[in-house]
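Nothing in this text is a laboratory measurement; each read-out follows from the coordinates by a stated rule. In this text the structure is predicted, and so the values were computed from the model without any measurement. For neighbour counting, all protein chains shown are included, and Cβ atoms are generated from backbone atoms with ideal geometry for every residue, glycine included.
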Amino acid sequence: MQSRRAAQSASTPAVEQSREGKVVEVIYLPGAASDSGMVEARLMAGSQQILVRLAPSGFLHRNQMDIREGDTLTVTGYWVAAGGRETLVATQMAKGGQTVPLRDGWGRSAW
C-alpha cells in the first residue's frame with residue numbers, strides 16, 4: 001500500500017488533516033537515549049480509533065506536553081501507511097490550551 005504522502009509530488013507538502021480525540025493508549029518506541037524514544041498515541045476520535053505518531057519523549061517533556069491515557073488531544077498531520085496500518089504523523093498537537101509545532105509541512109521535525 002502506498003502512503004498518501006508518497007502519492008504526493010516530491011515538490012509539494014503533504015495534505016494535512018486535524019483530528020481531536022481522547023488518548024486510550026500511549027506507546028513508547030525505543031530510542032538511542034532514554035529521552036529520544038518516539039511517542040505514539042492511540043486516540044478515540046468519535047467512533048474511530050487512530051494511531052498518531054507524535055515526537056520523542058524528551059521533546060514532549062521539554063514542551064510540557066507529557067501525554068497520559070484520558071487526555072484529550074487535537075492533532076494536525078498527514079497520513080502514512082507502514083506495516084499494513086495507517087498512522088497520522090502529527091505536525092502539530094494541542095492539549096489543554098497549549099499548542100506545540102512538531103514538524104513542518106514537509107515532515108521536518110522541530111526537535
Response to the item:
Most exposed to least, judged by fewest other Cβ atoms within 10 Å, T99, T91 sort to T99, T91
Discussion item. With n ≥ 4 as the cut-off for DSSP H runs, can you work out [θ] at 222 nm for the chain, using -39500 (n - 2.57) per run divided by the number of residues, rounded to the nearest 500?
Written reply: -1500 deg cm²/dmol
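Do any trypsin sites (Lys or Arg not before Pro) in the stretch 61-111 lie in a DSSP loop with no more than 11 other beta carbon atoms within 10 Å, and if so, which?
Sites meeting the loop and neighbour criteria: R68, R108.
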Worksheet item: According to the Cα gyration tensor, what semi-axes, each the square root of 5 times an eigenvalue, does the equivalent ellipsoid of the chain have, listed from largest to smallest in whole Å?
Response: 21, 16, 14
Discussion item. Using the crude model of +1 on Lys and Arg Cβ and -1 on Asp and Glu Cβ, and no other charge, please compute the dipole size for the stretch 36-111 relative to its Cα centre, in debye to 20.
Written reply: 100
Fill in: Residue (of L88, Q64, A33) at the positive-pole extreme of the chain, dipole from beta-carbon charges
L88
Response to the item:
In nanometres, the difference between 0.36 nm per residue of separation and the alpha-carbon distance of D71 and V15 is 17.6 nm
Practice prompt. Taking 7 Å along the Cα-to-C-beta vector as the label spot, tell me the L51-Q98 distance in nanometres, rounded to one decimal.
Written response: 2.7
